[in-house]
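For reference, the structure discussed in these notes is given below.
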Amino acid sequence: MKIHEYQAAQLFQKAGIPIVEGTITTTVDEAVQAASGLGYPVVLKSQVLVGGRGKAGGIKVVKSEEELHEKYAQLSQLSIKGYQVKKIYVVRAIDIRKEFYLAAIVDSANDDIVLIASSEGGVEIEETAKTNPDAIKKYYLQGDREIDAQRFAPFIRSVFDTPELQEQGQTVFAGLLKTFFDNDCSLAEINPLVIDGSGTIYAADAKINLDDNALDRHEDLAALRDMDYEEPDEIEAKEKNLSFVKLDGNVGCIVNGAGLAMATMDIVKLCGGNPANFLDVGGSSNPEKVLNALKIILRSPDVRAILINIFGGITRCDDIAAGILEARRQMDLPVPLVIRLTGTNEAEAKEMLTKEGVETFSTMREAVEKVVALAN
Amino acid sequence: MSILVNKDTKVIVQGITGRDGSFHAGQMIEYGTNVVGGVTPGKGGQEVHGRPVFNSVREAKDATGANCAIIYVPAKFAKAAIIEDLEAEMELIICISEGLPLLDMVEVRAAMRGSSSRLIGPNCPGVITPGECKVGIMPGHIHQPGPIGVVSRSGTLTYEVVYNLSREGIGQSTCVGIGGDPIIGTRFIDVLELFNKDEATQGIVMVGEIGGQDEQIAAEYIKKEISKPMVGFIAGRTAPKGKRMGHAGAIISSGDSTAEAKRAILQDAGVHVVDFPDEIPAFFQQKVS
């Protein structure tokens, strides 16, 4: 789960990282008040959960109240990658002398947490990583939860060139790690970390991704989810223990297991069709899940046929069959269903469906070819 | 021969008194797996399917001589369950539980440094050596003994592959579901090494997915070390682009983790990459006895 810059900045501050002073606002009056407290010039930063905000014109420096009115109105009209700007973070403008890049991330290939830093910060950091990889410094925690002073010393010296900066940098890294562990982050990034004219370090941006699997133990963080960035159908699916992602094709897919669900979409495409969605009913499916899945998929007017592809393991084919029959009783299905059932209790399921005149297939290929022919 | 589990494997079930643990313990026993007991803290002394329940892994191991543990506990208790196994020096740990927090797995991997235990999973279907031992949740009846090793990041997609092999009369030496999480105990390359050394395994199927770099790392190994015939399948060619992990994700990942990139790199390593799971048996038909 992603959280906004101002929320991430608050978590950084709580962990002892110096941040640029600021206030989150939703109206120009709030912004005027915030700016007069901070003193002009201030920076208006659009809060959106998508990248490329700066390039899209979502950040403006303003030098006066008059200019603030004008720019605030502009930003409030702005939509970045399809997302309307609804909140604007008003921060003090800093006299930036130098920019650094700092991050902590789980490096799954090495089963470890890695701190990354570069004295060449800014938006071009990925380019730097490619063209001048030596400018990117890394420190692996090697399973520890804290920094090992001896190993850390050469790392911090390679990033910051004076003892004063090294000391401040160490405080920031300690705070970054604390933030990371306290909040179950999968990523915590400061880009840029800046030095002002007086030689003081600040986090001038804040980016945090939280581990969805750990939100159960952080109720306060779970509440930060911005529903503007969630598909209502996907949220509803999640509440019903279905994993659903909407796509733009016309073949609805109901599958058990994420791998098989992806493979089913791929094969629909290879057979000349276009998947309308990814939908994993998960294990131990009860009949109601099929009903819920059909309802969600059928909301899309583009869907012209639905494939139900089940490989029974924990999932029992007869449960799925019961769900299909229940759906036929409860709703008027506007599109044909193509059903493939294999595995646990397949024979019982097929008998149930055949009795009601519903055709079933045993192999994925037969079923996919059929559903694609019906949809095209 | 086979890898990881066989008829001599003695299995304890962590979470045996829970709904899933109890159900699958029964299924494993029915398949012929030597389930020697279970563990649920506070429920020692009870019996499930006629097998004794213990309060701790250590107690269960001492009493039964178990060398393999399978974990069915809820995600929030899974880290502690794995670490208990590591401390009891359990040879093989198979974690079925899904939804473990990432930092829990970082901690588990740290605890595994210097340990001789092997962890499979989490979030995996388990391991089966057909006809001998099933330690997992896969439907046993679709498998049959034979010469093909199967290793996969997925659950039901593995069943699909196995079903197609068995339908054409091609059995399996061992099938290993390594799990779909970013941090897992055993990766493709580890299982490929075991299959490569195993005389009973004459061919290998590798089922990968989009995301991560494990297929690429495996490809380097395959190119250098494996001469057994291999088939690859990668799921997720039509999946929408994954979430970006800030700039840091791009900085640490050494390459492209799309399905097409993985297919190309496996092909380059000499793996026969197929579009459909039902194309797998034909490839092996001439190559294995």
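Considering only residues that are more than 14 Å from every other protein chain (Cβ to nearest Cβ) and over 21 Å from residue A:291 (Cβ atoms), look in the stretch A:334-373 and name the one that is surrounded by the fewest Cβ atoms within 10 Å (Cβ to Cβ).
A:373
Can you tell me which residue within the stretch B:184-215, out of those that are of a type in the set (Val, Ile, Thr) and open to solvent by 30 Å² or more (accessible area, probe 1.4 Å), is nearest to the other protein chains (Cβ to nearest Cβ)?
B:210
Given the residues A:73, A:93, which is the only one that is closer than 23 Å to residue A:121 by Cβ and either surrounded by fewer than 19 Cβ atoms within 10 Å (Cβ to Cβ) or not assigned by TED's automatic domain parsing to the domain that holds residue A:1 (or both)?
Exactly one residue qualifies, and that residue is A:93.
Mind checking whether some residue in the stretch A:26-38 is touching a residue at least 40 places away in the same chain (Cβ under 8 Å) and touching a Lys or Arg at 6+ places or on another chain (Cβ under 6 Å)?
Within the stretch A:26-38, one or more residues are touching a residue at least 40 places away in the same chain (Cβ under 8 Å) and touching a Lys or Arg at 6+ places or on another chain (Cβ under 6 Å).
Do any strands (runs of 3 or more DSSP E) entirely within the stretch B:19-134 hold 1 or more residues that are in contact with a Lys or Arg (Cβ under 7 Å, 6 or more places away or on another chain) and touching a residue at least 60 places away in the same chain (Cβ under 8 Å), and if so, which?
B:34-39, B:68-71, B:92-95, B:126-129
Is one or more of the residues making up the stretch A:2-12 within 27 Å of residue A:220 (Cβ to Cβ) and open to solvent by 40 Å² or more (accessible area, probe 1.4 Å)?
Looking for residues that are within 27 Å of residue A:220 (Cβ to Cβ) and open to solvent by 40 Å² or more (accessible area, probe 1.4 Å), one finds at least one in the stretch A:2-12, hence yes.
Specify the residue that is nearest to the other protein chains (Cβ to nearest Cβ); the eligible residues are those in the stretch A:108-121 that are under 21 Å from residue A:203 (Cα atoms) and open to solvent by 10 Å² or more (accessible area, probe 1.4 Å).
A:121
Considering only the stretch B:82-96, state which residues are open to solvent by 10 Å² or more (accessible area, probe 1.4 Å) and closer than 21 Å to residue A:212 by Cα.
Matches in the stretch B:82-96: B:96 only.
Does residue B:180 count as more than 30 Å from residue A:122 (Cβ to Cβ) and either at pLDDT below 95 or within 14 Å of chain A (Cβ to nearest Cβ) (or both)?
yes
For residue A:170, only one of the following conditions fails: (1) in a helix (DSSP H, G or I); (2) without any contact (Cβ under 8 Å) to a residue 60 or more places away in the chain; (3) within 14 Å of chain B (Cβ to nearest Cβ). What is its number?
Of (1) in a helix (DSSP H, G or I); (2) without any contact (Cβ under 8 Å) to a residue 60 or more places away in the chain; (3) within 14 Å of chain B (Cβ to nearest Cβ), only one is false for residue A:170: (3).
Being over 12 Å from the mean Cα position of the chain (by Cα), part of a strand (DSSP E or B) and more than 9 Å from every other protein chain (Cβ to nearest Cβ) narrows it down to one of B:170, B:148, so name that one.
Answer to the selection: B:148.
Say whether the condition of being within 30 Å of residue A:4 (Cβ to Cβ) and open to solvent by 10 Å² or more (accessible area, probe 1.4 Å) is met by at least one residue in the stretch A:267-280.
Yes, there is a match, as at least one residue in the stretch A:267-280 is within 30 Å of residue A:4 (Cβ to Cβ) and open to solvent by 10 Å² or more (accessible area, probe 1.4 Å).
Restricting to the stretch B:179-214, count the residues that are outside any strand (DSSP E or B), of a type outside the set (A, V, I, L, M, F, W, C) and under 15 Å from the mean Cα position of the chain (by Cα).
Number satisfying all stated conditions: 10.
With modelled with pLDDT of 95 or more and within 21 Å of the chain's Cα centre (by Cα) as the only criterion, which of A:63, A:71, A:81, A:45 stands out?
None of the others qualify; the one that does is A:45.
Looking for whichever is over 19 Å from the mean Cα position of the chain (by Cα), within 30 Å of residue A:80 (Cα to Cα) and surrounded by 14 or more Cβ atoms within 10 Å (Cβ to Cβ) here; the options are A:242, A:193. Which one fits?
Result of the check over A:242, A:193: A:193.
Which of the residues that make up the stretch B:9-27 are surrounded by 24 or more Cβ atoms within 10 Å (Cβ to Cβ), out of contact with any Asp or Glu (no Cβ under 8 Å at 6 or more places or on another chain) and at pLDDT 95 or above?
Across the stretch B:9-27, the qualifying residues are B:11, B:12, B:13, B:15, B:16, B:25.
Of all residues in the stretch A:116-169, which are out of contact with any Ser or Thr (no Cβ under 9 Å at 6 or more places or on another chain) and among the hydrophobic types (A, V, I, L, M, F, W, C)?
A:116, A:123, A:141, A:147, A:149, A:152, A:153, A:155, A:156, A:165
Sort through B:276, B:283, B:233 and tell me the only one that's buried (at least 24 other Cβ atoms within 10 Å of the Cβ) and either under 22 Å from residue B:161 (Cα atoms) or at pLDDT below 95 (or both).
None of the other options fit; the residue is B:233.
Could you say whether any residue in the stretch B:126-136 is open to solvent by less than 10 Å² (accessible area, probe 1.4 Å), within 12 Å of another protein chain (Cβ to nearest Cβ) and farther than 30 Å from residue B:45 by Cβ?
So far as the stretch B:126-136 goes, yes, one or more of its residues are open to solvent by less than 10 Å² (accessible area, probe 1.4 Å), within 12 Å of another protein chain (Cβ to nearest Cβ) and farther than 30 Å from residue B:45 by Cβ.
Check A:133, A:154 and return the single one that is open to solvent by 40 Å² or more (accessible area, probe 1.4 Å), outside the structural domain of residue A:72 (by TED's automatic domain parsing) and at pLDDT below 95.
Residue meeting the stated conditions: A:133.
Within the stretch A:294-305, can one find any residue that is more than 9 Å from every other protein chain (Cβ to nearest Cβ) and under 15 Å from residue A:341 (Cα atoms)?
no
The values are calculated or read from the model by the stated rules, or taken from the named source; none is laboratory data. Fair warning: this is a prediction, and the values are worked out from it, not measured in the lab. Using ideal geometry, Cβ is built from the backbone for each residue, glycine included, and neighbour counts are taken over all protein chains shown. Just so you know, the surface numbers come from the protein's heavy atoms only, side chains and all, with ligands and any DNA or RNA stripped out. Shrake-Rupley method; radii C 1.70, N 1.55, O 1.52, S 1.80 Å.
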